[in-house]
1. Going through the range 131-167 one residue at a time, which ones are polar (S, T, N, Q) and under 26 Å from Lys74 (Cβ atoms)?
2. Quick one: how many residues across the range 35-54 are away from the ligand (no atom under 13 Å from the Cβ) and free of Cβ contacts under 8 Å to residues at least 40 places away in the same chain?
3. Test Lys13 against the stated conditions and say whether it is within 16 Å of the ligand (Cβ to nearest atom), touching a residue at least 60 places away in the same chain (Cβ under 8 Å), crowded, with 18+ Cβ neighbours inside 10 Å and among the basic types (Lys, Arg).
4. With the checklist (1) without any contact (Cβ under 8 Å) to a residue 24 or more places away in the chain; (2) crowded, with 17+ Cβ neighbours inside 10 Å; (3) not in a helix (DSSP H, G or I) in hand, flag the one item Asp32 doesn't pass.
5. For the range 135-144, check the following and say yes or no: at least one residue is more than 21 Å from Asn63 (Cα to Cα), among the small types (Gly, Ala, Ser) and outside the structural domain of Pro185 (by TED's automatic domain parsing).
6. Could you tell me whether Arg105 is loosely packed, with under 11 Cβ neighbours inside 10 Å and closer than 14 Å to Ala68 by Cβ?
7. What number goes with the only condition from (1) within 24 Å of Tyr126 (Cβ to Cβ); (2) part of a strand (DSSP E or B); (3) modelled with pLDDT under 95 that Gln200 does not pass?
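The values are calculated or read from the model by the stated rules, or taken from the named source; none is laboratory data. Quick caveat: nothing in here was measured; it's all calculated off a predicted structure. Positions of Cβ are generated from backbone atoms using ideal geometry, with glycine treated the same way; all protein chains shown enter the neighbour counts.
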Amino acid sequence: MKKNKFKPRPFVKWAGGKRTVIDQINKRLPNDFNAYFEPFVGGGAVFFSLEEKKQEAFLSDNNPDLIAAYKVIKSSPRTLIKELKKHAAKHSEGYYYYIRRSSSRDIVDIAARFLYLNKTCYNGLYRVNNSGYFNVPIGDYKNPDIVQEENIIACHDLLKRTKISLCDFTKIRPGKGDFVYFDPPYFPKKENSFTKYTKQNFSLEDQVRLAEFIKKLDKKGVYIMLSNSMTKVISDLYTMNHFLKHVIYAPRYVNCKGNGRGKISELLITNY
Ligand SMILES: C[S@@+](CC[C@H](N)C(=O)[O-])C[C@H]1O[C@@H](n2cnc3c(N)ncnc32)[C@H](O)[C@@H]1O
């Protein structure tokens, strides 16, 4: 069979994507582990960057549209590409808002709509109103790359061997020797930071719930890595002696006018 040479990369633009800090994360991965779990997978930048992808991988997230896209790329990439080509051919401002208002129960339609909106909306943001309707305005792209056929096929080759689930992070069941990379919505440094990916915000109670869950897995002998904001609240949730706190630096726009690029420190916590 012809081998696909194209290196798979994240097929969505995603807020909080780890592309810019991937090297700092990769050099702190455990040397060896059994299965890989990513329960806040988003765009999956870390998963796609793993050098050795021989391990069994379990990817999950609680965003239904995103998980529909992962599942359809895994099961029916050709049908998805056909649908994306139809969207690309019709793309215009009017068509964008027409599709934004539309809904479907068919998983391929859901995935194609989600990917079309992700490639054409403002900054690839995913934001929904209180009734759960996607409400991001159209972005300012001359030629949005809507179909990405080669990448979808390359992602399919990789996702064939993964288990994909729509679920809360507490539903994963890693065992001793497995590795979990947790990349939750960050605890905000400022009140109005963006942490809303689905109808529900990720609250302080969720951060506490996550810390409890991580401590349970730690006792089972699971390798853990957690990304989060460099804040006292988060640091105080992980005080056990063997938990290491690494500081990493992410390039970010640091003021709201967008003309001040700077580096923001983030926490990377490991139990190994
Ligand atoms: C910071 S993003 C992950 C970014 C990802 N690492 C990347 O490189 O694109 C956080 C993700 O957590 C998901 N999420 C929020 N609350 C969740 C929950 N309770 N359980 C599982 N996933 C959740 C969001 O849908 C979002 O995709």
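1. Start the filter on the range 131-167 by keeping residues that are polar (S, T, N, Q), which leaves 131, 135, 143, 148, 151, 162, 165.
Residues satisfying the conditions are Gln148, Asn151, Thr162, Ser165.
2. Selection size over the range 35-54: 3.
3. On the way: within 16 Å of the ligand (Cβ to nearest atom): yes; touching a residue at least 60 places away in the same chain (Cβ under 8 Å): yes; crowded, with 18+ Cβ neighbours inside 10 Å: no; among the basic types (Lys, Arg): yes.
No.
4. Against the list (1) without any contact (Cβ under 8 Å) to a residue 24 or more places away in the chain; (2) crowded, with 17+ Cβ neighbours inside 10 Å; (3) not in a helix (DSSP H, G or I), Asp32 comes up short only on (2).
5. Step one: of the range 135-144, the residues more than 21 Å from Asn63 (Cα to Cα) are 139-144.
Then keep just the ones that are among the small types (Gly, Ala, Ser); that gives 139.
Filter once more, keeping what is outside the structural domain of Pro185 (by TED's automatic domain parsing): 139.
Yes, the range 135-144 has at least one match.
6. Working: loosely packed, with under 11 Cβ neighbours inside 10 Å: yes; closer than 14 Å to Ala68 by Cβ: yes.
So Arg105 fits the description; yes.
7. Among (1) within 24 Å of Tyr126 (Cβ to Cβ); (2) part of a strand (DSSP E or B); (3) modelled with pLDDT under 95, the lone unmet condition for Gln200 is (2).
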